[in-house]
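So the structure is just underneath, and the comments pick up after that.
The values are calculated or read from the model by the stated rules, or taken from the named source; none is laboratory data. Given the structure is predicted, the values throughout are model-derived calculations rather than measurements. Heads up, the Cβs are rebuilt from the backbone with ideal geometry, glycines too, and the neighbour counts pull from every protein chain shown.
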Amino acid sequence: MTGLVVGLGCFGLHVATTLVWLRRSGWTAPVARHAASALSTHVLGVLVAAWWIGPFAYWSAAAVSGFGAVIWLFLFSAVYKSVSLRILRELHRLPNHALPLATITVEYVRPEFEHRIRVLMRMGCARETDRGYEVTRKGIDTASRIAVVQWVFGIATSGLYGSASSSPTP
């Protein structure tokens with residue numbers, strides 16, 4: 001039982017740390033901040049508990065702390081970059097609670113996709129050409145590995161969040 005309480009304490013400290021740290025500007029990516037926070041708060045929490053309480057079931061503490069950190073990361077990620085939630089928030093904020101599709105496309109959807117292509121270009125997976133954007137050798141290799149992972153896990157490729165008629169093959 002003590003291990004569970006220690007794990008919850010580590011997780012609680014992680015939540016508090018990320019809520020503060022993610023509000024501060026910096027060059028460290030949010031996911032890296034989550035990972036650093038989860039690891040450091042776990043180590044700190046376990047060391048403090050071992051010093052203050054004495055022996056306890058470490059693996060129970062680690063399981064609770066780790067599970068909480070993963071769930072917290074998933075919740076953060078779902079809200080952090082969600083174009084849908086940003087659109088919904090904007091619709092709610094407006095006096096008439098409505099925006100034309102063209103406005104939503106130009107102000108919310110297009111910037112997100114432009115950002116994503118810039119990320120692919122920075123990663124070296126795509127390049128801009130006269131014809132538009134083109135996949136690079138690195139991009140082809142990355143896409144091939146992703147197709148294998150999708151096939152292994154039974155994830156259908158779908159383009160933009162829809163369902164696909166068939167599963168990818170490696």
- prompt: Hey, any hits in region 38-58 for a residue that's within 18 Å of the chain's Cα centre (by Cα), assigned to a helix (DSSP H, G or I) and either modelled with pLDDT of 90 or more or in the same structural domain as V135 (by TED's automatic domain parsing) (or both)?
  reply: yes
task: Determine whether R24 is modelled with pLDDT of 90 or more, out of contact with any strand residue (DSSP E or B) (no Cβ under 6 Å at 6 or more places or on another chain), surrounded by fewer than 15 Cβ atoms within 10 Å (Cβ to Cβ) and among the charged types (D, E, K, R).
output: no
message: If a residue counts only when it is outside the structural domain of R137 (by TED's automatic domain parsing), closer than 21 Å to P30 by Cα and at pLDDT 90 or above, which helices (runs of 4 or more DSSP H) contained entirely in region 71-127 have at least 3 such residues?
response: 110-123
query: In region 17-43, what count of residues is obtained for those that are closer than 17 Å to G7 by Cβ and out of contact with any helix residue (DSSP H, G or I) (no Cβ under 7 Å at 6 or more places or on another chain)?
result: 3
- prompt: Among the residues of region 91-110, how many are under 22 Å from the mean Cα position of the chain (by Cα) and surrounded by 12 or more Cβ atoms within 10 Å (Cβ to Cβ)?
  reply: 2
query: Quick one: would you say H115 is free of Cβ contacts under 8 Å to residues at least 12 places away in the same chain and in contact with a helix residue (DSSP H, G or I) (Cβ under 8 Å, 6 or more places away or on another chain)?
result: no
field: Residues (within 17 Å of V6 (Cβ to Cβ) and exposed (fewer than 15 other Cβ atoms within 10 Å of the Cβ)) located in region 59-77
entry: W59, A63, F67
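Could you list, in sequence order, the residues of region 1-32 that are of a type in the set (V, I, T), under 17 Å from F76 (Cα atoms) and assigned to a helix (DSSP H, G or I)?
Those that are of a type in the set (V, I, T), under 17 Å from F76 (Cα atoms) and assigned to a helix (DSSP H, G or I): V15, T17, T18, V20, V31.
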- request: Would you mind stating whether Y80 is surrounded by 13 or more Cβ atoms within 10 Å (Cβ to Cβ) and out of contact with any Asp or Glu (no Cβ under 6 Å at 6 or more places or on another chain)?
  value: no
